[in-house]
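One structure is given here, and the rest of the page talks about it.
Read-outs: derived from the displayed coordinates by stated rules, not from any lab. Owing to the predicted nature of the structure, the values given are computational and were not obtained by experimental measurement. Note that we place each Cβ from the backbone using ideal geometry, even for glycine, and neighbour counts take in every protein chain shown.
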Amino acid sequence: MMPQTPPARVCSPCDGFPVVHITTGTLTPDGQRRTLAATCPACTGTGIRTTTALTSAGR
């Protein structure tokens, strides 16, 4: 029997769509729209949110 791996968690801020292209409103010389790529800062463009263990600082 193979070990089961937990399913990857979809990043909640971007809902699994980590990179979007935003139009600038201008056209290239061949008529295509210029776009800028924007990546999700929470998952750094992977679409999967890794869980990190929180540690509390003692006094």
Review point. Once amide H atoms are placed 1.01 Å from N in the peptide plane, what residues at a sequence separation of 5 or more from residue 45, or on another chain, have their amide H within under 5 Å of its amide H?
Key: 40
Exercise for review: Determine ³J(HN,Hα), in whole Hz, for all residues of the stretch 20-29 in sequence, where each value follows from phi through the Karplus function 6.51 cos²θ - 1.76 cosθ + 1.60 and θ = phi - 60°; x replaces Gly and Pro.
Suggested key: 10, 10, 10, 6, 8, x, 9, 10, 7, x
Point to revise | Note, ³J(HN,Hα) from phi for the stretch 41-48, Karplus 6.51, -1.76, 1.60, rounded to Hz, x at Gly and Pro | key: x, 6, 10, 6, x, 9, x, 10
Revision key, fill the gap. Descending packing, highest mean Cβ count within 10 Å first, for 15-25, 35-45 is 35-45, 15-25
Review point. Taking amide hydrogens as modeled 1.01 Å from N in the peptide plane, which residues meet the under 5 Å criterion relative to residue 16, leaving out close sequence neighbours?
Key: 11
